[in-house]
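In what follows, a structure is listed as structure tokens, so that the remarks can point back to it.
Every number in this text was worked out from the coordinates using simple rules, so none of it is lab data. Just so it is clear, the model here is predicted, and its values are computed rather than measured. FYI the Cβ positions are ideal-geometry reconstructions off the backbone, even for glycines, and counts take in every protein chain you see.
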Amino acid sequence: MIPLSWYLIVSACLFCIGLYGVMARRNAVAMLMAVELTLNAVNINLIAFWRYNNPGEPIGVAWAIFVLTVAAAEAAVGLALIISIYRQRDSVVAEELDILKY
Amino acid sequence: MTNSIVLTLLMSLPLVGVVVILFLPVFNNQTDFNIKFVANATAIITLLFSIAILPLYDMGVPTLQLEDTGSWIDALGVTYHVGVDGLSILMILLTTFISAVAIGSSWNGIDKQVKQYYIFMLLLETGMLGVFLAQDLFLFYIFWEFTLVPMYFLIGIWGGKERVYASIKFFLYTMAGSLLMLIAILYVGIQAGTFNLPELIANRELYAGAQQWLFWGFAIAFAIKVPVFPFHSWLPDAHTQAPTAGSIVLAGVLLKMGTYGFMRFNLPMFPEASTNAAPIMATLAIIGIIYGAIVSFAQTDVKKLVAYSSISHLGFVMLGIFSLNEIGIQGAILQGVNHGLSTGALFFLVGVIYEQRHTREISEFGGLWRAMPVFAVTSLIVTLSSMGLPGLNGFVGEFSILLASTGSDALGDSPWIYTAFATSGVILAAIYLLKMYQGVFMGPLDNPKNQALRDMNRGELAIMLSFLLFIVWIGIAPSIWFASMDATVADLIQNVVMMAGG
Amino acid sequence: MEFQAPAINIAIILPVVIVAGFGLVLMILDMLMEDELRGLGPWISLGGLVLAGLQTIALWLGGSYETFIPVGGHPMVVVDGYAHFFNMLFIITGILAILMSMPYLIKADIDEKAEYYMLLMFSISGMMLMGMANDLLLIFIGLELLSIPLYVMCGIARPREASEESAMKYFLLGAFASGFLVFGLALLYGATGSTALPVVVENFTAGGVIAYTGLAMQLVGLAFKVGAVPFHMWTPDVYEGAPTAVTAFMSVGAKVGGFAAMIRILAEAVPQESAPIWTTAIAIIAAATLILGNVVAISQTNIKRMLAYSSIAHGGYILMAVAALPFSGDAVSASLTYMLTYMFTNLGAFAVIMMVEKSGNRGVLLEDYKGLSKRNLGMALILAYFMFSLIGMPLTGGFIGKFVVFQAAIDANLIWLTIIGVVTAAVSAYYYLRVVFYMFMFDGQGDLEFSPAMMTATTVALVATLAIGFFPGLWLNLARTASLASQLLMAGG
């Protein structure tokens, strides 16, 4: 059987890709996608931990379902915001959102 | 221990005035007069009350008297505890006297936001009384910080051109220092489990291990307030920009809070550390004496000159305290009072002339002796008192301090070196003060603007005479003044020497 | 696998249920009702919060409870003094925020009335969950329930660009921080085999490096939420761009909510032997937060932005108490007291700011405060008092907060951190006083817009700040009884 650590490595990689995406991308939609990647990394972790450590208790799976739900809610709110901004400015590039500055 | 409410009553009297002023109507022509009247009456009643409780004070008792205690914040071990002893009795009288004078002197000078002005003045009086009366570290700290607020507004709203800068600088300097003191207070409180001063002094072994640090925590806060030499730079700005009454209170009382703090907290709580630090503090005091005198000499603005002279005079007080002997402390307390009277009077006089001419440059004046004879005579007496002429109050204080420093055990093998330098400060004081007096009053009356100056009016004269009364009284008959603090100071020194020795 | 319904004692979590339930009611009403009736939104939510508050008090008098126990597991929710304390904080924050929002939304031309209050209620219920959660999963849910409505609320002044932009920034960074948090929590779960805090603490040491990584990552996530340096960069932009009523609500609610979970996790889910590691980290973050927040605030010209940095700095003071957690028996009660005073002072200050503000996001510069004392002495004095409280001058609530926090830090032997704390407090005096001298020492024009609801909120905040300042004993005892029992054991007090 594949050891648990492999799953953790995959999940860590996925999380890092998400991290990189949020930091490096300038398009708000792409950043949102990167955030979703980090949440998926979490899900892989949760399911793997559940399967290997305590498959008797359903909490890991339940948690993963909650994460999915939250990710959906976040995506809904986020996309709504992005569309609203796009209608006004014809742009969703983070650097062009510059009314508020240090 | 029996509780006595007189001190609490004394502190609350100015607050009563504040409440009355708050409810005076705003929109009529009489209002300003009413507000001024209430404020003056409050200040005078407070002064009379502080004199009236003197018979209750027993000079022979070294410990706290007229104490009032009550529980306040049990959760933090904080109590309400006020009391008076030889260290503070003169400070109380000085506070009520200077406050009354300062409020009286503002009758003509303040023309905007009159209501706020008098509210802040009276709040300041309560705060200052609280500082001198509080016998619980937490309570003391509250009053100590509280005095900042009214003074900040007094300088900031009614001050001169650079008032905003001066008020912020004043606030930040003092606050930075007192926050370091807060750390020391908290540390002491945690170690000893109480903030009550007599208990803290009795159990000082509980925090004695850290006393070298704690000493400096308190010392820096007080040194900024005094101000001791490297921490003085806020003082000239604050003094020059403050309104006349603000300067009088600042010089008269607020600076004394610093020197009082050293005597009330540093010496009894950290005797060994105080003894160790004595040479350093005395050296700083000497630097302050000479530096203040030299810089004063270079000033062309009368008010700035007087402000810098404060640094020099307060140097004497510090030298007296850290001579760590009886006569030194007594001299320091009395010199504190003397400085309050002389410098307060000088600031008042500067205010009188500034109101008419709106300048304070020495070069603008000259020959005022002819135009304002009464003003000139009173100024001469005050100037002489400030430089320490025998027969006036300044001499008594400075002489005791110089005497104390020659015989001080705390200042190493050759304490006379300190005395020698300090004495040169006395000579310098004579030089810069006489230079000022000469520049303003002597010579030809050649500036046409000065020829029409009016002399002092009755109100101003009355205030001056009350200053002069004490200036001469302390000068001729100092023994009663010394007697008021004798017992407490002897007790304090005995404790310090015993603890530091053993 | 046989399914068994978990034991849920609804009565115990009734406050949260009420708040969330009223949120749902508002949501339905918003769809069904005529436009005129939507004006009832704030009153309905106020009613809900008052009900929840009464229920909290009743429960508080009754003691502490545990509920929602899954099969063979541990309670997911602990309703102890700590939870009650936070519930009250959030309910009061909510009530004051609603009072301030009613006139503010009209002034700012924001239409979505019922929607706004619905979001507010959901966010409050999320905050309440954060204080009660005894389970990693529930902490995650609470945090999301707190955050997602706030994203929308920041953008509710649509189509004002600043508002939309702040919502966007808050959303992207907030969602990102949630990712960190939940990844960290998942690792903790994996390393210890359970989501229940009592089990996590038992198996934490065995979890080794994964447990520590999880702890660190979830701390990063919470640090984002409370605006701790170096995870603070969203704060100024969001606070400035969001409608002021939302800024006020979020500067207190979101921050306190983050701390509620952070303190619970650090005190109950992390064993004593790991304390030296994480306290050092927290202490360093606290120091950085204090320095950056207070120093950068000096150069701000917009009062909302200035208060954003100020709120970062206040987070730093709370973090000081958090760093003292394992070493001082008073650390939890100190942080609770601090949050209590911060809540009233900050909300009060924002209430006055909203009265000065003009429609269209004007009137929020420091310049606009020139001469306020001549136009309205009373309001100027009240704002000055709040500023002095934020500095921490004696006889204000803020002083008591700082006092107990410094006390806890010294007790925990964090002298260096305390020194940074007091020095930065002195620095902070500079920018708070700037507001005061603009009001009192300059001339200027412009009027305040009063409204009964705003005045009520200001009065409540003022009276509370005064009460804490003058009679702190009662409040300190309240905070002390609310501290965590386990934390007291940890510190040996």
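Starting from the Cα-Cα distance between B:Ile480 and B:Phe49, subtract it from 0.36 nm times their residue separation and give me the gain in nm to one decimal. Don't jump to the answer; show the numbers that get you there.
Numbers: separation 431, 0.36 × 431 = 155.16 nm, distance 2.00 nm.
The span from B:Ile480 to B:Phe49 would gain 153.2 nm if fully extended.
Using label points projected 7 Å from each Cα along Cα→Cβ, tell me how many nm separate C:Met455 and B:Lys112, to one decimal.
Using points 7 Å along Cα→Cβ, the separation is 2.9 nm.
Once fully extended, how much extra length lies between B:Leu22 and B:Arg454, figured as 0.36 nm per residue of separation less the alpha-carbon to alpha-carbon distance?
Numbers: separation 432, 0.36 × 432 = 155.52 nm, distance 3.51 nm.
That works out to 152.0 nm of additional length.
Label-point separation (nm) for B:Leu389 and C:Asn477, each offset 7 Å from Cα along Cα-to-Cβ?
Simple spin-label model gives 6.3 nm for this pair.
Does anyone have the angle between helix A:4-24 and the longest principal axis of chain A? Alpha-carbon axes, 0 to 90°, nearest 10?
10 degrees
Among A:Leu14, A:Gly56, A:Thr69, whose Cα lies farthest out toward the positive end of the dipole of the range A:4-91, if unit charges sit on the beta carbon of Lys, Arg (+1) and Asp, Glu (-1)?
A:Leu14
When B:Ile44, B:Ile480, C:Ile263 are ordered from fewest to most other Cβ atoms inside 10 Å of their Cβ, what list results? The partial results should precede the final answer.
Working: B:Ile44 15, B:Ile480 10, C:Ile263 26.
Placing the least packed residue first, the sequence is B:Ile480, B:Ile44, C:Ile263.
In degrees between 0 and 90, to the nearest 10, how far off the longest principal axis of chain B does helix B:302-321 point, with axes built from Cα atoms?
Its long axis makes an angle of about 20 degrees.
Could you work out, residue by residue across C:418-424, how many beta carbons of other chains sit within 10 Å of that residue's beta carbon, and then give the average as an integer? Walk me through the numbers on the way to the answer.
On the way: counts 6, 4, 0, 3, 9, 3, 1.
Going residue by residue through C:418-424 and averaging, the value is 4.
When the Debye formula is applied to the Cα atoms of the range B:275-502, each taken as the same point scatterer, what base-10 log of I(q)/I(0) results at q = 0.07, 0.17 Å⁻¹?
-0.25, -1.12
I'd like the FRET efficiency for C:Phe470 and B:Leu206, computed as 1/(1 + (r/R0)^6) with the beta carbon distance as r and R0 of 35 Å, rounded to 0.05.
On the way: r = 29 Å, r/R0 = 0.84.
The pair C:Phe470/B:Leu206 has a calculated efficiency of 0.75.
When the dipole is taken about the Cα centre of the protein assembly as shown, and only Lys, Arg (+1) and Asp, Glu (-1) are charged at their Cβ, what size is it in debye, to the nearest 20?
Details: 44 positive and 64 negative charges, 412 e Å.
So the dipole magnitude of the protein assembly as shown works out to roughly 1980 debye.
State the answer as a single residue: which of B:Ala134, B:Val188, B:Ile471 lies farthest towards the positive end of the charge dipole of chain B, with beta carbon charges of +1 for Lys and Arg and -1 for Asp and Glu, about the Cα centre.
B:Ile471
For chain A, calculate the relative contact order in percent as a whole number, restricting contacts to Cα pairs under 8 Å that are 6 or more residues apart.
Working: 89 pairs, mean separation 27.7, N = 102.
Worked out over chain A, it gives 27 percent.
Using only alpha carbons, build the gyration tensor for the range B:413-464 and give me the equivalent ellipsoid semi-axes, biggest first, whole Å.
Details: eigenvalues 288, 59, 5 Å².
The answer is 38, 17, 5 Å, longest axis first.
Taking each residue of C:139-149 in turn, how many C-beta atoms of other protein chains fall within 10 Å of its C-beta, and what is the average? Intermediate values should be presented prior to the final figure.
On the way: counts 0, 5, 5, 0, 1, 7, 2, 0, 3, 6, 1.
Partner Cβ neighbours, averaged per residue: 3.
Would you tell me the mean number of C-beta atoms belonging to other protein chains that fall within 10 Å of each C-beta in C:185-197, as a whole number?
Numbers: counts 4, 14, 7, 0, 9, 13, 2, 2, 6, 4, 5, 1, 0.
Partner Cβ neighbours, averaged per residue: 5.
Given all pairs of different Cα atoms, what value in angstroms does the Kirkwood hydrodynamic radius of the range C:123-245 take? Mind dumping the intermediate values first?
Working: mean 1/r = 0.0662 Å⁻¹.
Taking every pair of different Cα atoms in the range C:123-245, averaging 1/r and inverting gives 15.1 Å.
Per residue, what volume in Å³ does the Cα convex hull of chain C take up?
Numbers: hull volume 65.3 nm³, N = 493.
Considering the Cα atoms of chain C, their hull volume per residue is 132 Å³.
Mind checking the angle between helix B:326-357 and chain B's longest principal axis? C-alpha axes, 0 to 90 degrees, to the nearest 10.
The helix B:326-357 is inclined about 30 degrees to chain B.
For A:Ala24 and C:Val463, FRET efficiency with R0 = 35 Å and r from the beta-carbon atoms, rounded to 0.05? Before the final figure, lay out each step's value.
Values: r = 51 Å, r/R0 = 1.45.
About 0.10, to the nearest 0.05.
Which of the trypsin sites (Lys or Arg not before Pro) found in the range B:105-214 are in a DSSP loop and have at most 11 neighbouring Cβ atoms, other than their own, within 10 Å?
Numbers: sites: B:Lys112, B:Lys115, B:Lys161, B:Arg163, B:Lys169, B:Arg204; in loops: B:Lys112, B:Lys161.
Within the range B:105-214, the qualifying trypsin sites (Lys or Arg not before Pro) (loop, at most 11 other Cβ atoms within 10 Å) are B:Lys112, B:Lys161.
Sum -39500 (n - 2.57) across every DSSP H segment of at least 4 residues in chain C, then divide by the residue count to get the 222 nm mean residue ellipticity, nearest 500. List each step's numbers first, then the result.
On the way: 19 runs with 369 residues, N = 493.
Dividing the helical sum by the residues of chain C leaves -25500 deg cm²/dmol.
Compute the longest continuous run of chain A that contains no exposed trypsin sites (Lys or Arg not before Pro); treat a site as exposed when its DSSP state is not H, G, I, E or B and it has at most 14 other Cβ atoms within 10 Å.
On the way: sites that count: A:Arg26, A:Lys101.
The reported range is A:27-100.
May I ask you to list the trypsin sites (Lys or Arg not before Pro) in the range B:369-461 that are in a DSSP loop and have at most 16 other Cβ atoms within 10 Å of their Cβ?
Working: sites: B:Arg370, B:Lys435, B:Lys449, B:Arg454, B:Arg458; in loops: B:Arg454.
Those that pass, being in a loop and sparsely packed, are B:Arg454.
Using Cβ counts within 10 Å as a stand-in for footprinting exposure, how do C:Glu367, C:Glu115 rank, fewest first?
Working: C:Glu367 14, C:Glu115 19.
Ranking C:Glu367, C:Glu115 by Cβ neighbours within 10 Å, fewest first, gives C:Glu367, C:Glu115.
In bins 10 Å wide, starting from 0, what share of all Cα pairs of chain B does each bin hold, as a percent?
Bins of 10 Å from zero give 4, 21, 32, 27, 12, 3, 1 percent of pairs.
Between B:Glu361 and C:Gln272, what is the label-to-label distance in nm when each label sits 7 Å out along the Cα-to-Cβ direction?
7.3 nm
What FRET efficiency would be calculated for the residue pair C:Val50, C:Ser299, taking the C-beta separation as r and a Förster radius of 45 Å, to the nearest 0.05? Numbers along the way, then the final one.
Values: r = 42 Å, r/R0 = 0.93.
Efficiency at R0 = 45 Å is approximately 0.60.
Provide B:Phe33, B:Phe132 in ascending order of the number of other Cβ atoms located within 10 Å of each residue's Cβ, fewest first. Numbers along the way, then the final one.
Working: B:Phe33 12, B:Phe132 25.
Result, fewest neighbours first: B:Phe33, B:Phe132.
Given the options C:Ala287, C:Val463, C:Ala380, identify the residue whose Cα lies farthest towards the positive end of the charge dipole of the range C:274-493 (+1 on Cβ of Lys, Arg; -1 on Cβ of Asp, Glu).
Toward the positive end, the furthest listed residue is C:Ala380.
If you place +1 on the Cβ of every Lys and Arg and -1 on the Cβ of every Asp and Glu, how big does the dipole about the Cα centre of the range A:4-91 come out, in debye to the nearest 20?
Details: 5 positive and 4 negative charges, 53 e Å.
Here the size comes out at about 260 debye.
What residues of the range B:267-289 lie in the reach of a label at C:Ile415, counting those whose backbone N is under 15 Å from a point 7 Å from the Cα along Cα→Cβ?
Hits in the range B:267-289 for C:Ile415 at 15 Å: B:273.
From Cα pairs below 8 angstrom and at least 6 apart in sequence, can you work out the relative contact order of chain B, rounded to a whole percent? Walk me through the numbers on the way to the answer.
Numbers: 861 pairs, mean separation 78.9, N = 502.
After rounding, I find 16 percent.
Please give the length that would be gained between C:Val25 and C:Leu377 if that part of the chain were fully extended, namely 0.36 nm times their separation in residues minus their C-alpha to C-alpha distance (nm, one decimal).
On the way: separation 352, 0.36 × 352 = 126.72 nm, distance 4.24 nm.
Fully extending the segment from C:Val25 to C:Leu377 adds 122.5 nm.
In percent, what relative contact order does chain C have, based on Cα pairs under 8 Å that are 6 or more apart in sequence? Before the final figure, lay out the partial values.
Details: 887 pairs, mean separation 71.9, N = 493.
The normalised contact order for chain C reaches 15 percent.
Given only helices, namely DSSP H runs of n ≥ 4 each adding -39500 (n - 2.57), what is the per-residue ellipticity at 222 nm of chain A, to the nearest 500 deg cm²/dmol?
Mean residue ellipticity at 222 nm (helix-derived): -27000 deg cm²/dmol.
What dipole magnitude, in Debye to the nearest 20, does chain C give about its Cα centre under +1 on Lys/Arg Cβ and -1 on Asp/Glu Cβ?
Details: 19 positive and 29 negative charges, 215 e Å.
Its charge dipole is roughly 1040 debye.
Given the -39500 (n - 2.57) contribution per DSSP H run of 4+ residues, what per-residue ellipticity at 222 nm results for chain B, rounded to the nearest 500 deg cm²/dmol?
Numbers: 22 runs with 355 residues, N = 502.
Helices in chain B give a 222 nm mean residue ellipticity of -23500 deg cm²/dmol.
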